[in-house]
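Report on the structure given below.
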Amino acid sequence: MVDTRNAFMYASSHIKGSVNLESTDFLLLKNPKTKTRIFDPDLKQTIERLAKKGLHPSKKVLLISDTKNKKELLEICRVK
């Protein structure tokens, strides 16, 4: 399970065994003014960063979010 809430919310309460992963862990800041983020084009580097969080492409992932991040989370999940 991957908890996509911010670190404070995760630290306050989370499901045992879940890991905290925010969009900043795998998205790069494209435009600081609009705070637009994009996937890192270096897939190997992204996989390495996620592996440090215990995630691997062969693992099934269940995402946990709050409503504030829901739109961003849905956009992320659309990418294949």
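Derivation of every value follows stated rules applied to the coordinates shown; laboratory data play no part. Values in this document were obtained by computation on a predicted structure and should not be read as measured data. We place every Cβ from the backbone using ideal geometry, glycine too, and count neighbours over all the protein chains shown.
Calculated FRET efficiency, F39 and I15, Cβ-Cβ r, R0 30 Å, to nearest 0.05?
Details: r = 26 Å, r/R0 = 0.87.
My answer for the efficiency is 0.70.
List residues of the stretch 46-68, by number, whose backbone nitrogen lies under 14 Å from a label position 7 Å along Cα→C-beta of E22.
The answer is 66.
Length gain on complete extension for the stretch D66 to K52, per 0.36 nm per residue less the alpha carbon to alpha carbon distance?
Working: separation 14, 0.36 × 14 = 5.04 nm, distance 2.34 nm.
Result: 2.7 nm gained on full extension.
In the structure displayed, which of K16/K60; K30/K60; K16/K59; K30/K53; K16/K53 lie more than 26 Å apart, Cα to Cα? Working shown, then result.
Working: K16/K60 17 Å; K30/K60 28 Å; K16/K59 18 Å; K30/K53 23 Å; K16/K53 15 Å.
Over 26 Å Cα-Cα: K30/K60.
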